[in-house]
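Please read the structure below before turning to the comments.
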Amino acid sequence: MDAVNEYLRLLEARTTLGQKSVVVGGFSQLSSEEQAQLVRLRQTADEALRSRIQPDPEASLSLLMTLLDRRDTLGEHRRLVDYVPAHGLPRVFESCLPALALDHKEAEAAGLHLHHLTLNKLQDQAPELFHDHLPALFREKDWSRFDAWRGVGLRMSGELRREFERPSVDRAWAQGCLERSDAVENYNFLAQALGVHRLDEAGMELKDGQWRALYPDVCYHIQPSAPDLTAHNMTAPTHMHLDDLSWRIAGKGLPAEYWGHQGPPCPHCGTNLQHLLTIPKPVPGIMLDTPLTFVVCPYCMIGDRPTIFVHDEHGLPERPEYHGLGFDETRGYDFSDLDQDAYKFPTQGFSAQLVATPPRWLFQNDFSDSQNMNRLGGPPSWLQGPEWETCPKCQQSMLFLFQLRDGLAYTNGIIYGFWCASCRVSAILNTYT
Ligand SMILES: [Zn+2]
Ligand SMILES: [Zn+2]
C-alpha cells in the first residue's frame, strides 16, 4: 500500500497549493516556483495513479475507499471504479449510499460529489447493487439514475405502472424504468398503453406476438493487439490514451480487422470509402451466414444518416444504393467548410480480436471515461438516445450489429452498424456530441 500512501501525500500537497491559488486569486497569482511546483505535483500524482495504482485492483479499491471516507472532491477519482475488483464493488456502493437519494447539486452541496459520480459508474457496471434501494430511487425519481433500474424485473412494477398511468410529469420517468426492467410483462403493459410495437430504450420489438431484442444478446469487445495499443498510447496525446480496464479484457478471441485500408472512391463525392470492420466468419451467438465487411464514406455519412450499402453473397459492400433522409441526389454535398485536418480516420488498420465481454462491461455509457466502446453485439451505447434503423428495402427493423468509438477518439463520436439479413443491407449511422 506504499503506492496509495505516496499518492495521498502527493494529493495533499497538490490540494494545499491548489487552495492557496484560490485564496490569492487564481493560478496566475502564485509565484512562478509555486506554479511550476503545482504543475509538477499534478503530473507526478497522475503518473503514480496510472502506473502504480490502476494496475493493482486492491490498491485501487483501497485508494477509492479512503477518498470516499475523506469526502474527496476531485471528480476524476470516479475513474478508480473501473480498476476496482468486482468483489470490491459492494463495499464501494455502501460507502456511496449517503449520496443515493441526492441529485447532482445536492450531493455537491453535501460534500458528496465523488460519491454521486461513483454511483453513476456503479449503475452501469453493477445495477443489481441498487435493487435493495428501489423505494428511495422511486421517491427521488432522478433521471440520472435510470440505469439502476436495469434488470429489476417485476419489482415495484405496480408502483411504476401507477406512476405511468397518472397524468404527471413523471410519466416518462416511469416508462424509462419499466423499459429497463427486462420484464416481458412490463413490455406488454407499455406496448398496450402506448399502442406501439417497439420500445426504443429497451431495444425490444413485438413481432408475431413475441418480443425480440433488436441487438444480439452476446457481446464482444473489439480489442486491438497489445503492440498496437502500446504504439497508440506512445504516439497519441494523453487525452486519447486507451488505458482503461475495458481495453484489456483477458482471454483469447476471434480475429477481426478494423479501420485501415481505404476502399474505392465514393460515387457521390469521390472520397475513398473507409473500411470500418470486417467480421471474418460467423461469430458464436451472432446469426450471420457469411463474413461481413462494413465500409462508409467518411464525408457523406455526415449528412447521409444512415448510409446504406447492399452487400454481395460474400458479404462485401456494393455501391451504395439507398440513402437516408439527409441525402439530396441533385444537390450532392458541399464540404468546403469542413476542417479536413481535424476530421480524419486512422488509415492504418488495427488487427484486433473479438473478446467475449465480461458481464461488468455489457452495458457501457461512460462516454467521457475513455472506456473501450468498440463492440460487436450487445446493447448499443447511445450517445444521443436510441436510433434504431429500419431497412429501406423491406421496411423491417434492422439488427444492431456493432459500434465503433469513431476514429479511436480522433473525433468524438460513435458509429453504429445495422444489418438486415434477408436483404443483405447494412446501415451505418454516425453520431457526434
Ligand atoms: Zn462520399
Ligand atoms: Zn430488409
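Each reported figure results from applying straightforward, stated rules to the coordinates on display, with no laboratory input. Keep in mind that this is a model prediction, so the values were computed, not measured. All Cβ positions, glycine included, derive from the backbone under ideal geometry; neighbour counts span all protein chains shown.
Once the mean 1/r over all distinct Cα pairs of the chain is inverted, what Kirkwood radius in angstroms do you read off?
Numbers: mean 1/r = 0.0418 Å⁻¹.
Radius from the Kirkwood sum: 23.9 Å.
For a bin width of 10 Å, list the pair-distance distribution of the stretch 117-185 built from all Cα-Cα distances, rounded to whole %.
22, 58, 18, 1
For a bin width of 5 Å, list the pair-distance distribution of the stretch 2-130 built from all Cα-Cα distances, rounded to whole %.
2, 11, 19, 20, 17, 14, 10, 5, 2, 0, 0
Can you list the residues of the stretch 1-42 with backbone N under 11 Å from a point 7 Å past the Cα of E58, pointing along Cα to Cβ?
Answer for this model: 1.
Any chance you could run the full-extension gain for H314 through S51? It's 0.36 nm times the residue separation minus the Cα-Cα distance, nm to one decimal.
90.2 nm
Under 5 Å between amide H atoms, partner at least 5 residues away or on a different chain: which partners does V295 have, H built in plane at 1.01 Å?
L276
How much length would be gained if the chain were fully extended between T433 and R70, taking 0.36 nm per residue of separation minus their Cα-Cα distance, in nm to one decimal?
Extra length available between T433 and R70 comes to 127.3 nm.
If I fit a long axis through the Cα atoms of helix 32-48 and take the longest principal axis of the Cα atoms of the chain, what angle between them do I get, 0 to 90°, rounded to 10?
60
Which whole-number percentage describes the relative contact order of the chain, with Cα contacts under 8 Å and a sequence gap of 6 or more?
Contact order relative to length: 12 percent.
For S381, what is the net charge nearby, where nearby means another residue's Cβ is under 9 Å from its Cβ and Lys, Arg count +1, Asp, Glu -1?
+1
Counting other beta carbons within 10 Å of each Cβ, put S181, S168, S370, S31 in order, fewest first.
In increasing order of surrounding Cβ atoms, one gets S31, S168, S370, S181.
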